[in-house]
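What follows is a short report on a single structure.
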């Protein structure tokens, strides 16, 4: 079956699947398209921390295990400053060789390209299967990808094969990206009118801890042992965010919260920084918990998948990127993954987000070659 990648991208963009909302309607649409192509569909519903219904799916075409997985997400970031958009963020439009709309690049366009590539093949054509993975909540927590990794039978089958994370790279071959660490540290105070001097300002307990975090950040940004020259930038900051959620200046803040974020890199041991943070929090009577860990993605540049990707794309060099993808979850089980997709990450999350039509069509062609090479010919 032949699918029009521009038409399908427009259909997907027209769903408002902002991460804070439900992605179920757009995912049901995707599942319907995949079923029409002969895919078996595994549904993985869940409710997020706010009780909003979410849905991830894994589609399978062909028999056996391993094969090739094309992996995307269908949630998008909010269309803030919507008044500054030329048109509605959720009404896709085409102008001068570009398709505009929230998620056009990140990443409903690449998702559509992967589906249109798969549409060129029938199950009987394949020696080993092709999978389409579509997750929820990539933009805020990768919760959908972690859920797929834990619960999906199809992903378990696929994990011994090869994975293409279809995020926008202008079809360049990305063999590694950074992961993510999140910590939450809190101090408790006591609310009272500040004129009474009977309150306890939670921020005062936090100040000496923050001073230590500044020292850790300086170390993380300068010490060779916390750098990896495969990335630009080669270091990650010990990112510090603070908030007391105080409602008025004349009330003693009852809680002060510090959040620490760090982008994990391959071959960098961050355990000493975590231990130092926990020790400092305990010293000052603060609570400290690790709320999130996503491992960095790393597939050796000389691996069969990377070599194949360079051959298929005609590229001469591989790349790394400093941001993360759902690969932070998938890499726990799938060891042969790269990031490669149409569009430019520079357009992601912007006003009047767009993707070039030429990039969409190039994505379809390149993904088709991957399916032909790995699933039809059975080559590594």
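Values in this text are rule-based calculations from the coordinates and carry no lab data. On a predicted model such as this, the values are computed, not experimentally measured, just so you know. Cβ placement follows ideal geometry from the backbone for every residue including glycine, while neighbour counts extend to all protein chains displayed.
In segment 1-80, Cα pairs under 8 Å separated by at least six residues give a relative contact order of 32 percent. Summary of packing: across the peptides 20-26, 121-127, the per-residue average of other C-beta atoms within 10 Å ranks them, highest first, as 20-26, 121-127.
For the peptides 27-38, 309-320, 105-116, the ranking by packing is 105-116, 27-38, 309-320, with the highest mean count of neighbouring Cβ atoms within 10 Å listed first. A straight line joining the Cα centroids of segment 281-343 and segment 87-143 runs 20 Å. Its Cα gyration tensor gives segment 157-212 an equivalent ellipsoid; the semi-axes, largest first and in whole Å, are 50, 13, 11.
Label point 7 Å out from residue 81 along Cα-to-Cβ: which residues of segment 14-39 have amide N under 12 Å? Zone members listed by number: none at all. Here the peptides 79-86, 274-281 are ranked by packing, the mean other Cβ count within 10 Å, and the order with the highest first is 274-281, 79-86. One chain, two ends: residue 293 and residue 234. Fully extended at 0.36 nm per residue, the span grows by 19.3 nm beyond their Cα-Cα distance. For segment 180-294, relative contact order (Cα pairs under 8 Å, six or more residues apart, normalised by length) works out to 43 percent. Over segment 186-310, the hull volume per residue, using the convex hull of the C-alpha atoms, is 128 Å³. Each 5 Å bin from zero holds the following percent of Cα-Cα pairs in segment 1-151: 2, 10, 19, 22, 19, 14, 9, 4, 1, 0, 0. The ranking of 95, 187, 56, 88 from fewest to most other beta carbons within 10 Å of each one's beta carbon is 95, 88, 187, 56. The simple spin-label model puts a point 7 Å past each Cα toward its Cβ; for residue 332 and residue 243 those points are separated by 2.6 nm. Summarising the label geometry, the points placed 7 Å from Cα in the beta-carbon direction at residue 20 and residue 221 lie 3.0 nm from one another. Fewest neighbouring Cβ atoms within 10 Å first, the residues 218, 229, 244, 74 line up as 229, 218, 244, 74. The value of relative contact order for the chain, using C-alpha pairs under 8 Å at least six residues apart, is 25 percent. Note on residue 198/residue 29: beta-carbon distance plugged into 1/(1 + (r/R0)^6) with R0 of 45 Å gives a FRET efficiency of 0.20.
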